[in-house]
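Colleague: To start, I am sharing the structure in question, which I have written as C-alpha cells.
The values are calculated or read from the model by the stated rules, or taken from the named source; none is laboratory data. In this text the structure is predicted, and so the values were computed from the model without any measurement. Glycine gets a Cβ as well: all are built from the backbone with ideal geometry, and neighbour counts include every protein chain shown.
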Ligand SMILES: [Zn+2]
C-alpha cells in the first residue's frame with residue numbers, strides 16, 4: 001500500500017542530493033511511502049492509496065533521541081522545586097528513584113515507560129534509545145532492560161550509573177562487569193558508564209566498557225558533565241559511538257572528538273534543569289566533530305521529552321544555528337546510534353516524520369514552549 005504525505009509546504013529531507021542546503025529542503029512536496037519506508041520525494045499531488053494532507057505545513061524527519069532514561073518509578077517534582085528555590089542539590093536524589101524502581105513490578109515499569117514513549121511521540125520523537133540504570137542490582141537492571149527492549153531496539157545497559165549504597169566502587173564494578181552484564185547483555189545493544197567525579201573514574205569506566213565490548217555491546221559514555229574529566233578521551237580511545245553531556249571540554253577534548261567517529265552529544269535541557277553553564281557547541285562544530293542533541297529524559301536532571309525545547313536552548317545559548325540544531329537532533333542522533341535507517345527522509349529510510357503546525361522548522365526555536373507537532377508517523381504509521 002502506498003501512503004502519501006501530500007501538500008507539504010516545506011519538506012526537510014536531511015539529504016543534500018534531494019533539495020536545497022544541508023537540510024535538503026524541498027518546497028511544495030509530496031512524500032511517497034511504501035511498506036513503511038520512504039519510496040520517493042515528488043511534487044505535491046502525487047498518486048496514492050492513502051493520503052495525509054499536510055496542508056502547506058512543514059514536515060521534518062522525526063527526532064532521533066539518542067539518550068533517554070525512560071525506565072523508572074517514583075516522582076521527584078518536590079525535590080526539583082526545592083532545588084530551584086535554593087536548596088542544595090541532594091546527591092542522594094537518585095536513591096529515591098532506585099528505591100521506587102526496585103519496588104515496582106515489571107508491569108508497572110512497562111506502563112510508566114510506555115506512557116513516556118507516547119509523550120515523546122507527541123513531541124515528534126520517532127526513535128529513541130532507552131537506558132537502564134535505576135535498578136543497580138542484577139534483577140532490577142535485567143527487568144529494566146527487558147522493559148526497554150519492549151519499546152526500542154536501542155537498549156543501553158547502564159548498571160554503572162552510580163555506586164549504590166552499601167558498595168565500595170570496585171566491588172560494584174565487579175558486579176556490573178560480571179553477573180549484571182551477563183543478565184543484561186542479551187537484552188541490550190549498548191553499554192554506558194557515568195565517567196565523572198563521584199561516579200566512576202577512568203580505570204573503572206574502562207573496565208566497564210571493555211567488559212561490555214567483550215560481551216558484544218557497543219559503547220556509550222556519560223562524560224564531562226560536571227567538570228573537565230577523562231570521559232571524552234576514554235570514549236574516543238575506545239571507539240565509543242557517542243560521549244554525552246560534553247559540557248566541559250578542553251581543547252584536547254575537542255581535537256580528539258574532531259579526529260574521531262565518536263559523536264559529541266549535547267543534553268542542553270540538563271544544563272537548564274541543573275543551572276549548569278551551557279557547552280559551546282560552536283567550538284565543537286567549527287573543529288569538525290559530529291554532534292547530536294538529545295533530551296536525556298530522566299527524573300533527576302532533565303525530565304522533558306521536548307526536543308524542540310532542547311533545540312531552542314542549543315540555538316539561544318550554545319551557538320548553533322537553527323539548521324545545525326535540527327540536524328543534530330535528527331541525523332546527529334542517528335549517527336550517535338550508528339544507524340542509517342532513521343534521521344533522514346531519503347528513499348529507503350524508515351518513514352519516520354513529524355508534521356509541524358508551522359510553515360517552517362524555524363518555528364521550533366522561534367516559538368519556544370508551543371506544542372507545534374501536529375502529527376507523528378513512525379514506519380509510515382500515524383502514531384500521534
Ligand atoms: Zn543520562
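Colleague: Considering only helices (runs of 4 or more DSSP H) fully contained in segment 245-290, which possess at least 3 residues that are within 19 Å of residue 311 (Cβ to Cβ) and modelled with pLDDT of 95 or more?
Modeller: Details: elements: 251-258, 268-273, 281-287.
In segment 245-290, 268-273, 281-287 are the helices (runs of 4 or more DSSP H) which contain 3 or more residues that are within 19 Å of residue 311 (Cβ to Cβ) and modelled with pLDDT of 95 or more.
Colleague: When you scan segment 314-339, how many residues do you find that are touching a residue at least 40 places away in the same chain (Cβ under 8 Å), within 19 Å of residue 372 (Cβ to Cβ) and assigned to a loop (DSSP other than H, G, I, E, B)?
Modeller: So the count comes out to 1.
Colleague: Quick one: count up the residues across segment 92-105 that are modelled with pLDDT of 95 or more, more than 16 Å from the ligand (Cβ to nearest atom) and surrounded by 15 or more Cβ atoms within 10 Å (Cβ to Cβ). Spell out how you get there, then give the answer.
Modeller: First pass over segment 92-105, keeping only residues modelled with pLDDT of 95 or more: 97-105.
Then drop every residue that is not more than 16 Å from the ligand (Cβ to nearest atom), which leaves 99-100, 102-105.
This time we only want the ones that are surrounded by 15 or more Cβ atoms within 10 Å (Cβ to Cβ), so: 100, 102, 104.
Going through segment 92-105 one residue at a time, the tally reaches 3.
Colleague: Sticking with this one: Condition first: outside any loop (DSSP other than H, G, I, E, B), over 26 Å from the mean Cα position of the chain (by Cα) and surrounded by fewer than 21 Cβ atoms within 10 Å (Cβ to Cβ). Can you find one or more residues in segment 54-63 that meet it? Please lay out each step first, then the result.
Modeller: Let us first name the residues in segment 54-63 that are outside any loop (DSSP other than H, G, I, E, B), namely 58-61, 63.
Now restrict to residues that are over 26 Å from the mean Cα position of the chain (by Cα): none.
Within segment 54-63 (the criterion being outside any loop (DSSP other than H, G, I, E, B), over 26 Å from the mean Cα position of the chain (by Cα) and surrounded by fewer than 21 Cβ atoms within 10 Å (Cβ to Cβ)), the answer is no, since none of the residues qualifies.
Colleague: Sticking with this structure for a sec: Which residue is surrounded by the fewest Cβ atoms within 10 Å (Cβ to Cβ), if the candidates are limited to segment 356-368 and must be touching a strand residue (DSSP E or B) at 6+ places or on another chain (Cβ under 6 Å) and more than 18 Å from residue 65 (Cβ to Cβ)? Full working, then the answer.
Modeller: Of all residues in segment 356-368, those touching a strand residue (DSSP E or B) at 6+ places or on another chain (Cβ under 6 Å) come to 356-361.
Now narrow it down to the ones that are more than 18 Å from residue 65 (Cβ to Cβ): 357-360.
Values: 357: 15, 358: 20, 359: 12, 360: 16.
The residue in question is 359.
Colleague: Right, residue 311: under 23 Å from residue 249 (Cβ atoms), in a helix (DSSP H, G or I), touching a strand residue (DSSP E or B) at 6+ places or on another chain (Cβ under 8 Å) and more than 16 Å from the ligand (Cβ to nearest atom) or not? Before you say what the answer is, go through the steps one by one.
Modeller: Numbers: under 23 Å from residue 249 (Cβ atoms): yes; in a helix (DSSP H, G or I): yes; touching a strand residue (DSSP E or B) at 6+ places or on another chain (Cβ under 8 Å): yes; more than 16 Å from the ligand (Cβ to nearest atom): yes.
Spelling it out, residue 311 is indeed under 23 Å from residue 249 (Cβ atoms), in a helix (DSSP H, G or I), touching a strand residue (DSSP E or B) at 6+ places or on another chain (Cβ under 8 Å) and more than 16 Å from the ligand (Cβ to nearest atom).
Colleague: Of everything in segment 41-76, what is out of contact with any helix residue (DSSP H, G or I) (no Cβ under 7 Å at 6 or more places or on another chain), on the phi > 0 side of the Ramachandran plot and in contact (Cβ under 8 Å) with a residue 60 or more places away in the chain? Give them in sequence order.
Modeller: 56
Colleague: Please indicate, with yes or no, whether at least one residue in segment 70-91 is touching a strand residue (DSSP E or B) at 6+ places or on another chain (Cβ under 6 Å) and within 16 Å of the ligand (Cβ to nearest atom). Break it down into steps so the answer makes sense when it comes.
Modeller: We begin by selecting, within segment 70-91, every residue touching a strand residue (DSSP E or B) at 6+ places or on another chain (Cβ under 6 Å); these are 70.
In the following step, the residues that additionally are within 16 Å of the ligand (Cβ to nearest atom) were identified as 70.
Yes, that holds for at least one residue.
Colleague: Looking at (1) more than 16 Å from the ligand (Cβ to nearest atom); (2) within 23 Å of residue 132 (Cβ to Cβ); (3) not in a helix (DSSP H, G or I), which is the one condition that is false for residue 346?
Modeller: Condition (2) is where residue 346 drops out.
Colleague: Is it true that some residue in segment 261-273 is more than 16 Å from the ligand (Cβ to nearest atom) and over 20 Å from residue 205 (Cα atoms)? Let's see the steps before the verdict.
Modeller: The initial filter retains those residues of segment 261-273 that are more than 16 Å from the ligand (Cβ to nearest atom), namely 261-262.
With over 20 Å from residue 205 (Cα atoms) added as a condition, the list becomes none.
Looking through segment 261-273, none of the residues is more than 16 Å from the ligand (Cβ to nearest atom) and over 20 Å from residue 205 (Cα atoms).
Colleague: Same structure again: Just checking, does segment 165-187 include any residue being surrounded by fewer than 23 Cβ atoms within 10 Å (Cβ to Cβ), in contact with a helix residue (DSSP H, G or I) (Cβ under 7 Å, 6 or more places away or on another chain) and in a loop (DSSP other than H, G, I, E, B)?
Modeller: Checking segment 165-187: at least one residue is surrounded by fewer than 23 Cβ atoms within 10 Å (Cβ to Cβ), in contact with a helix residue (DSSP H, G or I) (Cβ under 7 Å, 6 or more places away or on another chain) and in a loop (DSSP other than H, G, I, E, B).
Colleague: Report, by residue number, each residue of segment 117-154 that is within 16 Å of the ligand (Cβ to nearest atom) and either surrounded by fewer than 22 Cβ atoms within 10 Å (Cβ to Cβ) or not in a helix (DSSP H, G or I) (or both).
Modeller: Of all residues in segment 117-154, those within 16 Å of the ligand (Cβ to nearest atom) come to 120, 125, 128-136, 141, 144-145, 148, 152, 154.
Residues satisfying the conditions are 125, 128, 129, 130, 131, 132, 133, 134, 135, 136, 152, 154.
Colleague: Every residue in segment 20-40 that is surrounded by fewer than 23 Cβ atoms within 10 Å (Cβ to Cβ) and farther than 17 Å from residue 359 by Cα, please.
Modeller: Passing the criteria: 21, 22, 32, 34, 35, 36, 37, 39, 40.
Colleague: Only residues that are crowded, with 21+ Cβ neighbours inside 10 Å, touching a helix residue (DSSP H, G or I) at 6+ places or on another chain (Cβ under 7 Å) and in a loop (DSSP other than H, G, I, E, B): list them for segment 198-229, please.
Modeller: Answer for segment 198-229, where residues must be crowded, with 21+ Cβ neighbours inside 10 Å, touching a helix residue (DSSP H, G or I) at 6+ places or on another chain (Cβ under 7 Å) and in a loop (DSSP other than H, G, I, E, B): 217, 224.
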